[in-house]
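The values are calculated or read from the model by the stated rules, or taken from the named source; none is laboratory data. Not measured: the values here are computed from a predicted model. Cβ: placed from backbone, ideal geometry, glycine included. Neighbour counts: every protein chain shown.
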Amino acid sequence: MKWGNFWGLKIIKKTLKTIKQTLIQLLYPTGIKCIFCDDELPNEQKYSICQTCDGDSLKIDEFCHRCGRLQTNDARFCDTCTDYERNFDMARSAYVYEGGVTKAIHNFKYNSEKHLADNFANILSDLIKREELDFDLVTFVPLHKKRQSERGYNQSELLAKKTSEIFDISCRQLLKKTKHTKKLAKLSFQERKELLKDSFELSAEKHEIKGKRILLLDDVLTTATTIEECSKVLKKAKPESITVLTIASTKQEIILY
Ligand SMILES: [Zn+2]
Ligand SMILES: [Zn+2]
């Protein structure tokens with residue numbers, strides 16, 4: 001072997017080693033904190049969640065098989081899903097919307113902590129695999145353009161894009177929000193329902209949705225009013241199924257009437 005080739009090979013090897021170390025540092029950075037409780041992580045932890053939070057009861061492992069809310073009795077469906085038709089086929093969430101989970105989602109949504117999309121997408125992709133959810137097209141709950149320009153980004157879109165990349169399935173905006181509504185967080189179920197009524201429209205051609213298994217992503221499921229409205233509009237284009245995925249859902253039952 002010529003000396004030139006030998007040194008060339010050495011440089012390539014060294015470069016590859018540097019790239020590998022940089023990737024490890026990127027994937028498992030030191031000095032980072034638990035996304036739920038802010039405690040310093042002693043070493044790399046899955047999703048950047050400390051062992052205490054991971055072992056906590058925030059994870060949803062028993063749930064209503066329709067809306068995905070935490071359910072601790074043996075019934076297949078919660079009372080609401082037993083009594084009322086849903087516009088979506090099923091919904092699943094990874095966590096109960098409480099404590100550290102609420103704080104992390106708030107940071108993701110309002111404090112520009114967009115990097116959390118990676119953690120949440122990894123959490124949701126494991127949930128998809130565990131639940132064997134099938135889908136052909138990923139979409140998200142849109143923001144009104146005024147809200148989006150105030151916030152600068154749509155957290156559900158970031159989540160949908162990251163999740164679709166993991167599965168190499170395309171992500172498309174299929175809906176648009178046509179009514180600018182005030183923040184829903186403090187409104188009652190009835191007020192939300194009134195306000196959100198007919199506030200979404202299709203933004204894609206019907207043939208793009210027809211016969212497809214749609215995965216609809218949002219950050220949180222509280223009263224389910226938003227995803228019910230979005231699913232109602234999507235159904236007009238006759239998809240094969242609509243599965244809703246959120247990072248978290250509230251524990252409590254929401255009384256419909
Ligand atoms: Zn923690
Ligand atoms: Zn339910």
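Structure summary
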item	result
Any hit, the range 126-145, residues being in the same structural domain as Leu195 (by TED's automatic domain parsing), of a type in the set (D, E, K, R) and within 24 Å of Phe200 (Cα to Cα)	yes
Top-ranked residue in the range 57-83 [being in contact (Cβ under 8 Å) with a residue 60 or more places away in the chain and surrounded by fewer than 19 Cβ atoms within 10 Å (Cβ to Cβ); ranked as farthest from ligand 1 (Cβ to nearest atom)]	Asp83
Test result for Leu187, without any contact (Cβ under 8 Å) to a residue 12 or more places away in the chain and hydrophobic (A, V, I, L, M, F, W, C)	yes
Lone unmet requirement of (1) of a type outside the set (A, V, I, L, M, F, W, C); (2) touching a strand residue (DSSP E or B) at 6+ places or on another chain (Cβ under 8 Å); (3) modelled with pLDDT of 95 or more for Lys206	(2)
Odd one out for Leu127, checked against (1) within 16 Å of ligand 1 (Cβ to nearest atom); (2) surrounded by 15 or more Cβ atoms within 10 Å (Cβ to Cβ)	(1)
Qualifying residue in the range 232-252 (condition: assigned to a helix (DSSP H, G or I), touching a residue at least 12 places away in the same chain (Cβ under 8 Å), among the hydrophobic types (A, V, I, L, M, F, W, C) and touching a Cys at 6+ places or on another chain (Cβ under 9 Å))	no
Residue in the range 98-111 that is surrounded by fewer than 16 Cβ atoms within 10 Å (Cβ to Cβ) and of a type in the set (Asp, Glu) present	yes
Yes/no for Cys50 being over 19 Å from Asp219 (Cα atoms), in contact (Cβ under 8 Å) with a residue 12 or more places away in the chain and more than 9 Å from ligand 1 (Cβ to nearest atom)	no
Entirely in the range 42-143, the helices (runs of 4 or more DSSP H) that have 3 or more residues that are at pLDDT below 95, within 16 Å of ligand 2 (Cβ to nearest atom) and not aliphatic (A, V, I, L, M)	79-83
